[in-house]
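S.K.: Attaching a single structure in structure tokens format; questions to follow.
Derivation of every value follows stated rules applied to the coordinates shown; laboratory data play no part. These figures come from a predicted structure and were not determined experimentally. Using ideal geometry, Cβ is built from the backbone for each residue, glycine included, and neighbour counts are taken over all protein chains shown.
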Amino acid sequence: QLQLVESGGGLVQPGGSLRLSCAASGFTLDGYTIAWFRQAPGKEREGVSCISNLDGVTYYADSVKGRFTISRDNSKNTVYLQMDSLKPEDTAVYYCAAAFAPYSDSRRYDYWGRGTQVTVSS
């Protein structure tokens, strides 16, 4: 079975940092594009970042560019999202997802974790 499990969420003050982890099991992570999406209450799910399996290129939403960094550790079969300079508007449930290419449309992703809550508040 192919599974993704997110961890690392929590409560942090504005300007703080968190590192989210997306651990894969049942498949080799580097064969897939892994993306992070987030969804705040009452809002649509939005793409945050992804790392391509085709060329290793990373992508970021404009709202997080320069603050978030996505990376892979293939030895641990895990993708990370380092989040720095966090803002209250970053508050959301963060999900990781796997696809065969770096799609921007969340509907193209075949496998999803169950999410981890990130709350940025003073």
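S.K.: Only Cα pairs within less than 10 Å get springs; with that Gaussian network setup on the chain, which residue of 52, 63, 75 has the largest fluctuation?
M.R.: With Cα springs under 10 Å in the chain, the top fluctuation among 52, 63, 75 is at 75.
S.K.: Now for a separate question. Using a cut-off of 21 Å between alpha-carbon atoms, which lysines can reach residue 65, once sequence neighbours fewer than 8 places away in the same chain are excluded?
M.R.: The qualifying lysines are 43, 87.
S.K.: Could you give me the ³J(HN,Hα) list for segment 67-82, computed from phi with Karplus coefficients 6.51, -1.76, 1.60 and θ = phi - 60°, whole Hz, x at Gly and Pro?
M.R.: In residue order, the calculated couplings are 10, 10, 9, 9, 8, 10, 10, 5, 5, 9, 6, 9, 10, 10, 10, 7 Hz.
S.K.: Shifting gears a bit: If all Cα-Cα distances of segment 1-45 are sorted into 10 Å bins from 0 onward, what percent lands in each bin, rounded to whole numbers?
M.R.: 20, 42, 30, 8
S.K.: With +1 on each Lys and Arg Cβ and -1 on each Asp and Glu Cβ, how big is the dipole of the chain about its Cα centre, in debye rounded to the nearest 20? Don't skip to the answer; put the middle values down first.
M.R.: On the way: 12 positive and 12 negative charges, 33 e Å.
The dipole of the chain has a size of about 160 debye.
S.K.: Now, a different point. Can you run phi through the Karplus equation (6.51, -1.76, 1.60; θ = phi - 60°) for segment 42-51 and list ³J(HN,Hα) in whole Hz, with x for Gly and Pro?
M.R.: x, 10, 6, 5, 10, x, 10, 6, 8, 10
S.K.: While we're here: Please give the FRET efficiency for residue 114 paired with residue 27, using the beta carbon to beta carbon distance and R0 = 22 Å, rounded to the nearest 0.05.
M.R.: Values: r = 17 Å, r/R0 = 0.77.
Calculated transfer efficiency: 0.85.
S.K.: Tell me the Kirkwood hydrodynamic radius of the chain in angstroms, computed as one over the mean inverse distance between distinct C-alpha pairs. Please list the in-between numbers first.
M.R.: Numbers: mean 1/r = 0.0709 Å⁻¹.
Evaluated on the chain, it is 14.1 Å.
S.K.: Would you pull out the residues with amide H under 5 Å of residue 115's amide H, same chain only if 5 or more places away, H placed 1.01 Å from N?
M.R.: 6, 96
S.K.: Alpha carbon centre of segment 96-112 versus segment 1-72: separation in Å?
M.R.: Answer, in whole Å: 11.
S.K.: Which parts of segment 90-105 would a label at residue 55 reach, counting a residue when its backbone N lies under 13 Å from a point 7 Å out along Cα-to-Cβ?
M.R.: In segment 90-105, the label zone of residue 55 (backbone N under 13 Å from the point 7 Å along Cα→Cβ) covers 102.
S.K.: Right, next: For residue 2 and residue 105 in one chain, what is 0.36 nm times their gap in residues minus the Cα-Cα distance, to one decimal in nm?
M.R.: Numbers: separation 103, 0.36 × 103 = 37.08 nm, distance 2.03 nm.
Gain on extension, residue 2 to residue 105, equals 35.0 nm.
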